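Scroll down for the structure; my scribbles are underneath it.
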Amino acid sequence: MVTLTIDGIQVTVPPGTMILEAAAKAGIKIPTLCNSKRLIPFGACRVCVVQQKGRRGLMPACFNPVRNGMEILTNTPDIIKARKIQLQLILISHPLDCPVCDAGGQCELQNLVYEYGVSENSFKGEKANLATDHVSPFIERNLNRCILCGMCVRICDEVVGANEISFLNRGFKMKIGTDFDRPMNCEFCGQCVSVCPVGALNDRMFLHKARPWDMKETQTICGYCGVGCTLTVGTKNGRILRVRGDESRGVNQGTLCVKGRFGWEYVHSPERLTSPLIKKDGSFVKATWEEAIGLVVKRLKEIKSEKGGSAIAGLCSPRLTNEELYSYQKLMRGVLGTNHIDHAGGYSYAAPLALRESLGYAASTNSINEIRKADVIIALRSDLSETHPVIKSEGVLAVKRRKAKLIVVNSRNIYLNKFSAFNLLVKPGSEVALINGMMQAILQEGLAKEEFVSSRTEGIEALKQSLKNYSPEKVEALTGVSRASFVEAARLFAKAVGGVILISTGQASEKKDRDLALAASNLTLLTGQIGKENAGIFILGEKNNSQGALDMGLTPGWLPGYANLGNPSERERFEKSWKLSIPEQEGMGALSILQAAEEGKIAGLYIAGENPLVAYPDSSRTKKALAAVDFLVVQDCFLSETASLAQVVLPAASFVEKDGTFTNADRRVQQVRPGLYPPGQARPDLWIFQQLSKSLGYKLNDPSAKAVMDEIKNLVPLYGGIDYARLDNPLGLQWPCSSADHPGTPFLYEKDFPAGKGKFIPVEFEEGPAETESPWFLITGPTMVHSGSLSLMSPGLTRLQGESYVQVHPEDARKLGLEDNQKVILRSKQGQITVKTLVSWNAAPGLLFVPCHFGQVGGNCLTGRDLTITKVQLEKV
């Protein structure tokens, strides 16, 4: 540690700390216009100058590190004079259009000019006269206001890795822009806007809407993916005006993606459901809540009475809060008498459950912010730029700042390859064979952590026996990856001080998720990359509460907290608390529920927030199954494709209109806070569940989300120490958190595994059946812009990507005589779609990609319920 004195205050900080940071720790504010804790110090503005006793001249505090015994002065007359001169120099070309500038009230330059009393300027010069960019989506660029601090350039490079903008020209002609001054064409994450200290970069959706002090700002959690980013939602007169990140809060530390920052427009969509709907004579008519709930209760009671609770089933979305998910499964199991409940298709959570088999907990092992500190990162079938852009930024930080080695294992040439040390382009579905080959190479070269394996694991001999089948030559043939590449990647991971594996999951996953997670677990156990910081496995869920849905027992075989439904003592524990009976038999999963519906075995189906007709595989078959249900109830924000088939539709609130908690991909429980009231008669899902249960004759729980969490923590040991008072902090709490004084668990398995030792569970690679009729492999999944139905209701996002497409590799396009934006027909055994081509080097030869979320022209029209890799035919229109 280093001790120094700043303005007479002694402060002790770690070596390498800059004077600016040390001063902040001492409570002393040093002004700056080019510094952010997310960025490497740059020293462009020179406003942060300070003086060291015994040394001539001034020095910038932002990139001068502390030294023992330093005596720093931050507010002498010379310093004040230098800062005023620097501000005057900046103002030579800066326009004084503060009354109409959207940065007014939050402009750092304006604040400093006021603070230092710069009322006149003795320096003269021409004002900038550059064109304003009104064309780029979401972002307005007014370069006349730019002070060349470089923060936008640096965050685009250092954190996002996009390098979309840069310094152009030199001297007085220097400016920041794109190559050839074209409109921006990037990820549109808005990070550049978030760090701009003036009004040069603006959120176009917020332009001329309000001043910062006019808005009410609410801290809540994003409703899109499983990263769990903290949002600061600015509202006025019942409408969202702006969403931003706060670098002092949340796992994202101010970083947001395009959906998180700009994808909120669906909240105010005119297509929002504002009243319950009942279908009469084939058409929907508006109804009161009493009428809608009365009909739902009447029909479900009739079905239960005539056919039993097993004729009722439920599908619920992992977009709901923990409190809502818990209440939903309690309603279905205890009140309606069915264990036929599931979420996310019933297959997209196979990976975390596999980790429970091998390690003990069905969740990621470490904290998201540890990724940036890893030495080697394996992105295993993870297209992070598209699915989890904020996690991608963690990888970028590791590569750029720590010189970490990124190993990309994917069947497509994804954008992440830009940062990779190894691009292991595998044949679709062969990732397990590759990981097995890497482990065999580690064993052959004696790189396994023998002490860790012998003392903390079991089953190594069975693993060694199974890996004998994975010679380098065989793995090369199975995967298409050269022996030299995957063996060197194996060496890197085995020798790393901190090695991380990232696996993305979701409803575009295929049936090898379990094997993939077990193979990753075997690799981390073999190399000792678990039970320590900056290492481990991350299962990156597709939805904002994918982890919470598992934790809350929204599965056919597990009660909340992973209590085994088949264990009588566990069932009795919940029955005693609920004062309800729980059926003994395990329920059916989502795809089995749809199969049973086709066969007439499911008479009543209650869907909350899910849109199976778009999100589940084999859309045409899903439609037939839903149409075969006698009584279908759908609860949603919109009249979705699935809701249009229902007999009753219940209008639900969005994430920004409710309170509760989400659990993100690193087990972090965070509080969701309402910033708005739901529109019309729409209500939070929790309220709807409670009203239904009450009408069925049972009081589900107390009405507040806080009361439900109190019930959860009494029944779920993992959440035992979690309550709303403790969650009122910038980072939430990570389970296991067993008691009120437990600090939470940033990383798992430091001392032991729940079962004593980690288990090696060998997995074999199984090749799919050969098919010659359909020559093209099809991959489907979310994109950076869209990840489901909600984003399609945001006009700004649909302007970026408004229709489906098929991504084709240029070599394949040349062979087929295809051009960009040309209509083609894709056919599989399940159906066909007509889409336009997108010729891109991000594809791979022989492989096509279609987004999964575009309804009747999405990838799920072509995929099957067997969840195998799909092969398709391609024809020109």
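The values are calculated or read from the model by the stated rules, or taken from the named source; none is laboratory data. Please read these numbers as outputs of a predicted model, since none were measured by experiment. Because the Cβ atoms are built from the backbone with ideal geometry, glycine has one as well, and the counts that use them run over all protein chains shown. Heavy atoms of the whole protein, side chains included, go into the accessibility calculation; ligands, DNA and RNA do not. Shrake-Rupley method; radii C 1.70, N 1.55, O 1.52, S 1.80 Å.
When segment 322-362 is examined, which residues are found to be on the phi > 0 side of the Ramachandran plot and either buried (at least 24 other Cβ atoms within 10 Å of the Cβ) or of a type in the set (K, R) (or both)?
Start the filter on segment 322-362 by keeping residues that are on the phi > 0 side of the Ramachandran plot, which leaves 337, 344-346, 360.
Across segment 322-362, the qualifying residues are A344, G345.
Which ranges mark the strands (runs of 3 or more DSSP E) fully within segment 612-673 that have 2 or more residues being touching a residue at least 60 places away in the same chain (Cβ under 8 Å) and closer than 30 Å to G864 by Cβ?
Details: elements: 631-636, 648-651, 660-663, 668-672.
Ranges flagged: 631-636.
Filter segment 749-794 down to residues that are open to solvent by less than 70 Å² (accessible area, probe 1.4 Å) and hydroxyl-bearing (S, T, Y) and give me whichever is nearest to G859 (Cα to Cα). Residue satisfying both the conditions and the ranking: T780.
Please specify each residue of segment 574-613 satisfying the condition of being charged (D, E, K, R) and touching a strand residue (DSSP E or B) at 6+ places or on another chain (Cβ under 6 Å). Before you say what the answer is, go through the steps one by one.
The initial filter retains those residues of segment 574-613 that are charged (D, E, K, R), namely 575-576, 579, 584, 586, 598-599, 601, 610.
Listed by number, the list holds a single entry, E610.
Please enumerate the residues belonging to segment 107-120 that are part of a loop (DSSP other than H, G, I, E, B) and surrounded by fewer than 16 Cβ atoms within 10 Å (Cβ to Cβ). Spell out the reasoning first.
So the first thing to find is which residues in segment 107-120 are part of a loop (DSSP other than H, G, I, E, B), and the list is 107, 116-120.
Of everything in segment 107-120, those that are part of a loop (DSSP other than H, G, I, E, B) and surrounded by fewer than 16 Cβ atoms within 10 Å (Cβ to Cβ) turn out to be G117, S119, E120.
Screening A128 with (1) modelled with pLDDT of 90 or more; (2) part of a loop (DSSP other than H, G, I, E, B) gives one miss only, at (1). Flag set for Q329, criterion: in contact with a helix residue (DSSP H, G or I) (Cβ under 9 Å, 6 or more places away or on another chain), within 30 Å of A363 (Cα to Cα) and assigned by TED's automatic domain parsing to the domain that holds Y616.
Selection of helices (runs of 4 or more DSSP H) fully inside segment 389-472 by the criterion of at least 3 residues being open to solvent by less than 10 Å² (accessible area, probe 1.4 Å) and at pLDDT 95 or above returns 389-402, 431-444.
Could you list, in sequence order, all residues of segment 270-301 that are open to solvent by 20 Å² or more (accessible area, probe 1.4 Å) and of a type in the set (S, T, N, Q)? Across segment 270-301, the qualifying residues are T274, S283, T288. Picking from residues in segment 818-841 that are in a strand (DSSP E or B) and over 17 Å from H853 (Cα atoms), the one that is least open to solvent (accessible area, probe 1.4 Å) is V824.
Considering V285, V296, the condition of being out of contact with any His (no Cβ under 7 Å at 6 or more places or on another chain) and assigned to a strand (DSSP E or B) is satisfied by V285 alone. Just for segment 510-567: of the residues that are among the acidic types (D, E) and open to solvent by less than 10 Å² (accessible area, probe 1.4 Å), which one is farthest from L380 (Cα to Cα)? Ranking the qualifying residues of segment 510-567, first place goes to D551. Only helices (runs of 4 or more DSSP H) whose full extent lies in segment 685-787 are considered here, and the ones with at least 2 residues that are among the polar types (S, T, N, Q) and farther than 30 Å from L467 by Cα are 685-695.
Taken over segment 165-197, the residue count meeting the criterion of being touching a residue at least 24 places away in the same chain (Cβ under 8 Å), surrounded by 14 or more Cβ atoms within 10 Å (Cβ to Cβ) and not in a helix (DSSP H, G or I) is 12.
Evaluating Q681 against the criteria (1) outside any loop (DSSP other than H, G, I, E, B); (2) open to solvent by 60 Å² or more (accessible area, probe 1.4 Å); (3) not charged (D, E, K, R) leaves one unmet condition, (1).
Within segment 384-413, residues that are of a type in the set (D, E, K, R) have Cβ atoms under 6 Å from residues that are open to solvent by 10 Å² or more (accessible area, probe 1.4 Å) in these pairs: E386/M784; E394/R372; K400/E158; K405/A421; K405/L492, counting only partners at least 6 apart in sequence or on another chain.
Filtering segment 34-48 to residues that are hydrophobic (A, V, I, L, M, F, W, C) and surrounded by fewer than 21 Cβ atoms within 10 Å (Cβ to Cβ) leaves L39, I40, F42, A44.
Selection of first residues in segment 829-842 that are touching a residue at least 60 places away in the same chain (Cβ under 8 Å) and of second residues that are part of a strand (DSSP E or B), restricted to Cβ pairs under 7 Å at least 6 apart or on distinct chains, gives the following pairs, ordered by first then second residue: N842/Q807. Looking across segment 1-19, the residues that are of a type outside the set (A, V, I, L, M, F, W, C) and part of a strand (DSSP E or B) come down to T3, T5, Q10, T12. Counting the residues of segment 198-217 that are at pLDDT 95 or above and open to solvent by 30 Å² or more (accessible area, probe 1.4 Å) gives 2. Assess whether R799 counts as being assigned to a helix (DSSP H, G or I), farther than 30 Å from S269 by Cβ and either open to solvent by 30 Å² or more (accessible area, probe 1.4 Å) or modelled with pLDDT of 95 or more (or both). So R799 does not fit the description; no.
Scanning segment 65-84 finds no residues that are under 30 Å from K175 (Cβ atoms), open to solvent by less than 70 Å² (accessible area, probe 1.4 Å) and in contact with a helix residue (DSSP H, G or I) (Cβ under 7 Å, 6 or more places away or on another chain). For the residues L700, L696, the requirement of being over 30 Å from P428 (Cα atoms), buried (at least 18 other Cβ atoms within 10 Å of the Cβ) and in contact with a helix residue (DSSP H, G or I) (Cβ under 6 Å, 6 or more places away or on another chain) singles out L700.
Considering (1) farther than 27 Å from D203 by Cβ; (2) outside any strand (DSSP E or B); (3) open to solvent by 80 Å² or more (accessible area, probe 1.4 Å), the lone condition that K29 does not fulfil carries the number (1). Going residue by residue through segment 259-275, is there one that turns out to be of a type in the set (A, V, I, L, M) and either under 30 Å from Y698 (Cα atoms) or modelled with pLDDT under 95 (or both)? Yes, there is a match, as at least one residue in segment 259-275 is of a type in the set (A, V, I, L, M) and either under 30 Å from Y698 (Cα atoms) or modelled with pLDDT under 95 (or both).
Suppose we filter S364, S327 for residues that are part of a helix (DSSP H, G or I) and either in contact with a Cys (Cβ under 9 Å, 6 or more places away or on another chain) or more than 27 Å from E598 (Cβ to Cβ) (or both); which single one remains? Quick ask: steps written out before the conclusion?
Numbers: S364 fails: part of a helix (DSSP H, G or I).
Of the residues listed, the single one that is part of a helix (DSSP H, G or I) and either in contact with a Cys (Cβ under 9 Å, 6 or more places away or on another chain) or more than 27 Å from E598 (Cβ to Cβ) (or both) is S327.
Summed over segment 111-121, the residues that are free of Cβ contacts under 8 Å to residues at least 24 places away in the same chain and closer than 24 Å to D203 by Cα give a count of 1.
Only residues that are without any contact (Cβ under 8 Å) to a residue 40 or more places away in the chain and either open to solvent by 10 Å² or more (accessible area, probe 1.4 Å) or aromatic (F, W, Y) (or both): list them for segment 218-243, please.
Pass one, segment 218-243, residues without any contact (Cβ under 8 Å) to a residue 40 or more places away in the chain: 231-232, 234, 236-237, 241-243.
Answer for segment 218-243, where residues must be without any contact (Cβ under 8 Å) to a residue 40 or more places away in the chain and either open to solvent by 10 Å² or more (accessible area, probe 1.4 Å) or aromatic (F, W, Y) (or both): K236, N237, L241, R242.
For segment 302-321, taking the residues that are open to solvent by less than 10 Å² (accessible area, probe 1.4 Å) and among the hydroxyl-bearing types (S, T, Y), the one that is nearest to K601 (Cα to Cα) is identified as S317.
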